[in-house]
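> Before we start, here is the structure in question, set down as structure tokens.
Values quoted throughout were computed directly from the atomic coordinates according to the rules given, and no laboratory measurement underlies them. On a predicted model such as this, the values are computed, not experimentally measured, just so you know. All Cβ positions, even for glycine, are placed from backbone atoms using ideal geometry, and neighbour counts span all protein chains on display.
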Amino acid sequence: MIEKSERFGAPSKRALLTGLWLTAALLTPAVLSTSASPASDPFTMEQALSYPFIGEMASAEHADRVAWMRSVNGVRNIWMAQGPTFAPQQITHYTADDGQELTQLTFSPDGSKLLYVRGGDHDANWPAEKNLAPDPTSDPDEPKVTIWSAAFDGAAPVKLAEGDQPALSAKGVLVFVKDDQIWTAPLDGKGKPERLFFDRGKDGFPVWSPDGARLAFVSNRGEHGFIGVFTDKAHALVYLAPSTGRDRAPAWSPDSARVAFTRVAGQGGAPEPLLTRTPHPFAIWTADAATGLGRQLWHSPATLDGSYPEAISGVNLTWAAGDQIGFAADLDGWRHLYAVPVAGGEARLLTPGAFMVETVSLSKDRRAFLYDADTGPAPDDIDRRHVFRVPLAGGAPVALTSGDEIETGPVAASGDRTAYVSSGVRRPGAVAIIEPSGARLLDPTLAQAFPADALVIPKPVTFRAADGTLVHGQLFQRADGAASKPGLIFVHGGPSRQMLLGWHYMDYYADSYGMNQYLAAHGFVVLSVNYRLGVGYGRAFQQAEHGGAAGAAEYQDVVAGARFLQQVPGVDPARLGIWGGSYGGYLTGLALARNSDIFKAGVDFHGVHDWSPLLGDRAASLDKRFEQGDRADAMRVAFQSSPDADVKTWRSPVLLIQGDDDRNVRFAQTVDLARRLDQQGVRYEELVLPNEIHGFLRYDSWLKAYAATAAFLTRELGAH
């Protein structure tokens, strides 16, 4: 999906030609049917989406405890396991598909407390008007984003405050963010929350010192920003080496005396070209927490590879044992881990090779990085993830997992145990742990109805775009000896995402994988295309020139995938469709607008249809001094790179799906496209989900959307 990068300081229904009008509330059983007759149906949509999804996982710094979010059919709960047995234990007992996220799992350093945030949209690109929390159930009582304390003894969780980004000190003091300020509240839930201190900036990302005596935070001042340090109300706030730059990602030294942070240039200077990628180098600084005096430790080169790593999981700045600063960067064209001594010197590459490091954490002794990466002994591992460990002092990385499954999100469960999420081709994600005796799943249970044995094994494929770019994909094809089937191209969102050879580690794309399995089992051959701008294949692929609003260069990868799919035995080349969400929705719209001769139908989930308003907003927010000619040229290219520009050649029918509380892609984008399709007489249908966000919060919403998608594509392309 079109998603936020790491932030500064902080995934009616209408058929015009038939005259049929329907709304989401009036969808008939025939339209919503998720299965045909039992004799002809391998499995239903409900069965395909009945898998448990494992979300955010956290570990206690000084205790052998891990916790994670587990969602089944939209019912989210938090589970925990503790050493030495690490037996899974459910510690919240929510029962409804209520669309309320459970995120920000936060242990106290000693592991005695576990906090979490309930509600909100933590993948939004912008806050809602009046900072309203999502209300996907249309509850007459306004939902709030709230912080809760979980109980380990079976007692009910305790609500502590309204807010976000909780942090617990070694002394048991809770702080959190509310209204862009830092607040505090008692841990028993009985006292009244209060603002901890006043700061003129928009504050976020509070981080306690290891001794619990000081709090570092990011103070966003707009075009610049500081790292602030709060001690108590008897002492003035200290700002660390303040400058015209934008500082973020504070990390404390183990002795609680110093703070490391990153610095990029403040906004200003000569206007940058709107559609050309320019370098945004960054520096690592350290400063004394008491005096604010600091110095630059390291600076990246002023190249595109040296730019601040916004995508994936950011810079992962860490102050490790032995006075080593660890961080992630793309200095050799791939996202890798580096270490630089606090005393100064060159940054040392810790993870060499043509692969991408993704999620990162520290070992219990703070001497090693745990990470997952798309590498391993098999060539196809570039479309998987495996878990590794590498010492910050130097030495070769050690593979902790391998094989044909996918392992992600490692955290230190104890000194010699690593927890992670493990999934496979036919097995959705489950928490696993690596012990001295080997790896085991902590909670492998699946719903009895889950159709594991009926799932196809996706085949890794490659093909070349018109300009010679090598593109990877996964082919979902059921070998049943039937006549030629219609083909479908699936395009993921992001665009900084990668579809894998198995169940995905992100909920949006785990659902997409399940949907592709459903479509393959119900009469389609599906090719999932990992087009350029996605992650996993190097920075040059991920940040390709002339992508998106600058020329839609990635669309040629989609066309190449379609040409490849048309040649696959068992595919009817005259019955090709396309579907995707967010950025994938954009590419779906582009395909139907430019090539209705290839793509005979499509389903567009919350896609961008006109880049120019977004580009205009960016120009206005960054600098008001753009030359009018340059701005006009950029706006022209942006519009020409959009589906709206080619709507006159759009002939194929489309299903448009979006929630109207979307905070990543404006709902107006779909409204605008619908009006243009009206004017062209293009047949389309709509499924609008009132009060839903970009990545639908409710299982019921996904079920409706995917059922409508399958019904539409089956009807238009003749699958059976």
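> Would you mind computing, in nm to one decimal, how far apart the modelled labels at R563 and D672 are, each placed 7 Å from Cα along Cα→Cβ?
3.1
> What's the local net charge at E405, with K and R +1, D and E -1, over the other residues with C-beta under 13 Å away?
-2
> Quantify how much of the Cα-Cα distance distribution of the chain extends past 34 Å, in percent.
Looking at the chain, the distances longer than 34 Å represent 47 percent of pairs.
> Local charge sum around P460 (other residues, Cβ-Cβ under 13 Å, Lys/Arg +1, Asp/Glu -1)?
Numbers: positive: R384, K459; negative: D374, D380, D381, D383, D404.
With Lys, Arg at +1 and Asp, Glu at -1, the net is -3.
> According to the Kirkwood expression over distinct Cα-Cα pairs, how big is the hydrodynamic radius of region 467-560, in Å?
14.1
> Something else now. Over all directions, what mean area does the Cα convex hull of region 288-328 project, stated in square nanometres? Spell out each step's value before the answer.
Details: hull surface 16.4 nm².
Across all orientations, region 288-328 yields a mean hull projection of 4.1 nm².
> Right, here's the next one. Taking 8 Å as the Cα distance limit and 6 or more residues as the minimum spacing, I'd like the relative contact order of region 206-251 as a percentage.
Numbers: 82 pairs, mean separation 15.5, N = 46.
Answer for region 206-251 is 34 percent.
> Just need the relative contact order of region 200-301 here, percent rounded to a whole number, with Cα pairs under 8 Å and 6+ apart.
21
> Then there is this: Once each part is reduced to its C-alpha centroid, what is the distance from region 40-59 to region 174-196 in angstrom?
Cα centroid of region 40-59 versus Cα centroid of region 174-196: 36 Å apart.
> Follow-up. Normalise the Debye intensity by I(0) for region 540-600, one equal point scatterer per Cα, no solvent, then take log10 at q = 0.15, 0.17, 0.18, 0.22 Å⁻¹ and round to two decimals.
So the normalised log intensities are -0.48, -0.60, -0.66, -0.91.
> If you bin every alpha carbon distance in region 187-247 into 10 Å steps from zero, what whole percent lands in each bin?
Result returned by the calculation: 20, 49, 26, 5, 0.
> Now, a different point. What lysines does K178 reach when the alpha-carbon gap must be under 28 Å and sequence neighbours fewer than 8 apart in one chain are set aside?
K4, K113, K130, K144, K159, K190, K192, K202, K233
> Take the Cα gyration tensor of region 433-485, multiply each eigenvalue by 5, square-root it, and list the three semi-axes largest first, rounded to whole angstrom.
Numbers: eigenvalues 227, 105, 14 Å².
Semi-axes (√(5λ), whole Å): 34, 23, 8.
> Provide the gained length on full extension for the span A156 to E545, in nm with one decimal, where the gain is 0.36 nm per separating residue minus the Cα-Cα distance.
Stretched fully, the A156-E545 segment lengthens by 134.8 nm.
> Let me ask something else. Roughly speaking, what is the centre-to-centre gap between region 214-247 and region 398-421 when only Cα atoms are used, to the nearest Å?
Computed from Cα coordinates, the inter-centre distance equals 36 Å.
> Over region 126-282, how many percent of alpha carbon pairs lie in each 5 Å bin up to the one with the longest distance?
2, 8, 14, 17, 17, 14, 12, 8, 5, 2, 1, 0
> For D332, what is the net charge nearby, where nearby means another residue's Cβ is under 15 Å from its Cβ and Lys, Arg count +1, Asp, Glu -1?
For residues surrounding D332, the net value is 0.
> Distance from the Cα centre of region 96-123 to that of region 686-711, in angstrom?
The distance from the Cα centre of region 96-123 to that of region 686-711 comes to 24 Å.
> Helix-only estimate, please: 222 nm mean residue ellipticity of the chain, summing -39500 (n - 2.57) across DSSP H runs of length 4 or more and dividing by its residues, to the nearest 500.
-4500 deg cm²/dmol
> For W252, W579, which order do you get if you count the other beta carbons within 10 Å of each Cβ and list the fewest first? Please report the intermediate quantities before stating the final value.
Details: W252 21, W579 31.
Listed from fewest to most nearby Cβ atoms, that is W252, W579.
> In whole Å, largest first, what are the principal axis extents of the Cα atoms in region 266-398?
Principal-axis extents of region 266-398 (Cα, largest first): 47, 42, 20 Å.
> Could you give the Stokes-Einstein D for region 88-167 in µm² per second, using the C-alpha Kirkwood radius, 25 °C, 0.890 mPa s?
Numbers: Rh = 13.8 Å.
Taking Rh from Cα pairs, D becomes 178 µm²/s.
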